[in-house]
Amino acid sequence: MLGAASAFGSVAQAAWQLDPSHSQVTAEVTEITSSGQRIPHQHALKRMEGEISADGTLRLPVRLNQTDLLDRLGQLPPWMSSLTNSTLVTVVTQLPPERINSLRVGQSTVEVLKLRTDANGEQRQERLPVRFTREAEDRVRVRNAEPVSLDGKQLMKNGTVRTILSLLGYQQIGDEVPVTLDALLVDR
């Protein structure tokens, strides 16, 4: 979810954005069947898009067509097809532009980002430790700095998430949903 803006060194301005072809989040959802069997499933949110504003704000809209739901279900019924491009949730965070821009190639820094989500008027906040690694002058890799899990019970309370999981056939999921972030910021 993630990146920075400001200056390389103290001279040139960097305008960072997520590279959609190299930015995704994966999650392991454990389905609990009616017989009590626990079946792990890998899911992905791909093609993450967003650019960092001059003040370090990143807005990341998440759309249905970025999830692997359509890959798993195939063509949606006509009454649902208009939803594929609609935003399910928007993730907003503030990034530390000066810290990231001061990294030399090969250096890393860890920052704890506050993520705010808004889905159908329902807002949540989470903290996410993130490692920023400068791979080149114009590329910064963004990954989890430590293992992160979402609360499965809280996810099931969200109407949008519950609908998506129901479409996948999950009536109940495990208490923890491990999540891995792997994104690339590029200077545009």
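The values are calculated or read from the model by the stated rules, or taken from the named source; none is laboratory data. Worth saying up front: this structure is predicted, and the values here are computed from it rather than measured. Cβ sites come from the backbone with ideal geometry, for glycine too, and all protein chains shown count toward neighbours. Side chains are part of the model used for accessible areas, which takes the heavy atoms of the whole protein and leaves out ligands, DNA and RNA. Shrake-Rupley method; radii C 1.70, N 1.55, O 1.52, S 1.80 Å.
In the range 46-53, is there at least one residue being outside any strand (DSSP E or B), modelled with pLDDT under 90 and not charged (D, E, K, R)?
Start the filter on the range 46-53 by keeping residues that are outside any strand (DSSP E or B), which leaves 46-50, 53.
If we keep only those that are modelled with pLDDT under 90 too, we end up with 50, 53.
Among the residues that remain, those that are also not charged (D, E, K, R) are: 50, 53.
Checking the range 46-53: at least one residue is outside any strand (DSSP E or B), modelled with pLDDT under 90 and not charged (D, E, K, R).
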Hits in the range 169-183 - residues which are under 12 Å from the mean Cα position of the chain (by Cα) and not polar (S, T, N, Q): Val179, Leu181, Asp182, Ala183
Restricting the range 32-80 to residues that are free of Cβ contacts under 8 Å to residues at least 60 places away in the same chain, within 23 Å of Pro96 (Cα to Cα) and acidic (Asp, Glu), the residue that is most open to solvent (accessible area, probe 1.4 Å): Asp55
Any hit, the range 127-136, residues being modelled with pLDDT of 85 or more, surrounded by fewer than 17 Cβ atoms within 10 Å (Cβ to Cβ), part of a strand (DSSP E or B) and of a type in the set (Asp, Glu): yes
Test: residue in the range 89-100 that is out of contact with any Cys (no Cβ under 9 Å at 6 or more places or on another chain), assigned to a strand (DSSP E or B) and open to solvent by 70 Å² or more (accessible area, probe 1.4 Å): yes
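Residue by residue through the range 151-162, note down the ones that are outside any helix (DSSP H, G or I) and open to solvent by less than 50 Å² (accessible area, probe 1.4 Å). Spell out the reasoning first.
Step one: filter the range 151-162 for residues outside any helix (DSSP H, G or I), giving 151, 158.
Of everything in the range 151-162, just one residue is outside any helix (DSSP H, G or I) and open to solvent by less than 50 Å² (accessible area, probe 1.4 Å), namely Asn158.
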One residue from Leu150, Leu113, Leu103 being of a type in the set (A, V, I, L, M) and over 19 Å from the mean Cα position of the chain (by Cα): Leu103
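Scan Glu111, Glu135 and give me the residue that is out of contact with any helix residue (DSSP H, G or I) (no Cβ under 7 Å at 6 or more places or on another chain) and of a type outside the set (Gly, Ala, Ser). Spell out the reasoning first.
On the way: Glu111 fails: out of contact with any helix residue (DSSP H, G or I) (no Cβ under 7 Å at 6 or more places or on another chain).
Selected residue: Glu135, the only one of Glu111, Glu135 that is out of contact with any helix residue (DSSP H, G or I) (no Cβ under 7 Å at 6 or more places or on another chain) and of a type outside the set (Gly, Ala, Ser).
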Residues of the range 52-71 satisfying the condition of being among the acidic types (Asp, Glu) and within 16 Å of Leu168 (Cα to Cα): Asp68, Asp71
Residue in the range 163-171 that is in a loop (DSSP other than H, G, I, E, B), more than 19 Å from Leu73 (Cα to Cα) and either touching a strand residue (DSSP E or B) at 6+ places or on another chain (Cβ under 8 Å) or open to solvent by 30 Å² or more (accessible area, probe 1.4 Å) (or both) present: no
Residues within the range 1-21 that are surrounded by fewer than 16 Cβ atoms within 10 Å (Cβ to Cβ) and at pLDDT 90 or above, tallied: 2
